[in-house]
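What follows is a single structure, written as structure tokens, with notes after it.
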Amino acid sequence: MSYTCYIVDDDADAIGLLEEYIGQTDELDLVGSSLSPVTALREITRDGAPDITFIDVDMRGMNGIELAGLVNLYTNVVFTTAFPEYALQAFEKAAYDYILKPINYERFYRSIQNIKHKMKKARRGNKLALDEFFNIKSELKERMVKVKTEDVIYVEGAGNYIIIHTAGNEKHMTYLTMREIEHYLPRQLFARVHRSFIVNMNHVKVIERNRVLLLNEKELVMGDYYKKRFLDIMDGKLIRTDRKP
């Protein structure tokens, strides 16, 4: 499984070094970087937030501690800095790690392995908590609907709302964003395939080119931004032969 990364640092050389390290690490994919914390804030909090964001602490305009407080619900933060005195503040922002500059590859790689372990552990806990059901507010006032997680076939974005399509051709509309429901659903079971679609991988029937056919015969288009990760996940379930064709 691959993990997407983003870098925020007002030093171009520091960005270049992390880009090099990310490029040397098979399970990491760089999706962006910025010298500006303000620009980074806008890009990180859009749909399809990166799994891991490396943030320098001492930056102009907005420091890394402030930025982390605004993005840590969307991404897993790793601080990269020359200043050890900010470590306590960093971990108060739920940082996954705090790496002191100058950064060597051994320290970088060890951090990535620790992050992967923590993320997998968090996902296991998330899966256990969400296996059975969750509740949503329906489009009707003061009405709460119970939805079995395993019954969710796919989630569709609809402006300021989402539509949850479940077994039995039922649809539930609620006032949530795609990012909010994606953050809540267990990632072992659900994957984003498009800006407007999250699918239950247990309900996927066929994957062909840029489309996903579900067991209920609904056909969804895959978006370029989400396609690689989704295919990586599904490829991990592929049974292969050792025989030569």
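Any chance segment 23-37 includes a residue that's without any contact (Cβ under 8 Å) to a residue 12 or more places away in the chain and more than 30 Å from Met234 (Cβ to Cβ)?
Within segment 23-37, not a single residue is without any contact (Cβ under 8 Å) to a residue 12 or more places away in the chain and more than 30 Å from Met234 (Cβ to Cβ).
Could you look through segment 69-80, keep only residues that are at pLDDT below 90 and either surrounded by 15 or more Cβ atoms within 10 Å (Cβ to Cβ) or out of contact with any His (no Cβ under 9 Å at 6 or more places or on another chain) (or both), and pick out the one that is nearest to Arg107 (Cα to Cα)?
Only one residue tops the list, namely Asn76.
Exactly one of (1) modelled with pLDDT under 95; (2) among the charged types (D, E, K, R); (3) within 23 Å of Leu70 (Cβ to Cβ) is unmet by Asp9. Its number?
So the condition that Asp9 fails would be (1).
Mind listing whichever residues of segment 196-215 are touching a strand residue (DSSP E or B) at 6+ places or on another chain (Cβ under 8 Å) and surrounded by fewer than 14 Cβ atoms within 10 Å (Cβ to Cβ)?
Listed by number, the residues that qualify are Lys205, Val206, Asn210, Arg211, Leu215.
Suppose we filter segment 5-14 for residues that are of a type outside the set (Phe, Trp, Tyr) and surrounded by 20 or more Cβ atoms within 10 Å (Cβ to Cβ); how many remain?
5
The values are calculated or read from the model by the stated rules, or taken from the named source; none is laboratory data. Computed from a predicted structure; not experimentally measured. Quick reminder, even Gly has a Cβ in these numbers, built from the backbone with ideal geometry, and neighbours come from all protein chains shown.
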